[in-house]
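For reference, the structure is listed below as structure tokens.
The values are calculated or read from the model by the stated rules, or taken from the named source; none is laboratory data. Computed from a predicted model, the values in this text were never measured in an experiment. Glycine also receives a Cβ, built like all others from the backbone with ideal geometry; neighbour counts cover every protein chain displayed. The area values use the complete protein model at the heavy-atom level, side chains included, leaving out ligands, DNA and RNA. Shrake-Rupley method; radii C 1.70, N 1.55, O 1.52, S 1.80 Å.
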Amino acid sequence: MSTNSLSVSKPELKLIYKKLGGEPKLLALLRDFYDRMSNDALIGFFFEAKDLKAIASKQMAFLQKAMGAAETYSGKAPAQAHEDLAPILKGHFDRRLKILEGTLRDYGLTDQEVKTWIGFENAFRSAVMKKD
């Protein structure tokens, strides 16, 4: 699958990107988010010996496409980006979303904005979780 053909653009996320203050704040939020996940007892092992700054930068590129701040995305599709990891189970994915929710709230997003972002992330659940 060509990553440029991924349909990830979500206009409702564009307002969130603007509210955050664009690229610098989005990157700060994502670095914080990946730091939190790496220190989490349930999912931290996924990030051992990983370059969290590089992961946050890749996630930012993906989100910038979704948020309308970039016209293209040339990185891996979500399934490809996670294929070399240990199996991601339902509890792992749920924990990631819970940590994301806390991070988004700490960065001042409203309940509706959090719901929008979490909904976007949740759409990739089946692509990254271990198939039963």
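Run the accessible area of the chain with a 1.4 Å probe and give the carbon-and-sulfur part as a rounded percent.
C and S atoms contribute 52 percent here.
In Å and on Cα atoms, what radius of gyration and Dmax does the chain show?
Answer for the chain, Rg first and Dmax second: 14.0, 40 Å.
How much mean residue ellipticity at 222 nm does the chain get from its helices, if each DSSP H run of length 4 or more adds -39500 (n - 2.57) and you divide by all residues, to the nearest 500 deg cm²/dmol?
Value at 222 nm, helices only, nearest 500: -18500 deg cm²/dmol.
So what's segment 11-50 giving for Cα Rg divided by 2.2 N^0.38 Å, two decimals?
Cα-based Rg divided by the globular estimate yields 1.46.
Where the only charges are on Cβ atoms (+1 Lys, Arg; -1 Asp, Glu), what is the dipole of segment 27-132 about its Cα centre, to the nearest 20 debye?
180 debye
Quickly work out the Lys131-to-Asn39 label distance, labels modelled 7 Å from Cα along the C-beta direction, and quote it in nm with one decimal.
My value for the distance between the label points is 3.7 nm.
Using the heavy atoms of the protein chains alone and a 1.4 angstrom probe, what is the accessible area of the chain per residue in square angstrom?
57 Å²
Taking θ as phi - 60°, what are the ³J(HN,Hα) couplings along segment 94-103 by the Karplus curve (6.51, -1.76, 1.60), each to the nearest whole Hz, with x for Gly and Pro?
Taking θ as phi minus 60°, the curve returns 4, 5, 4, 5, 5, 5, 4, 4, x, 5 Hz for segment 94-103.
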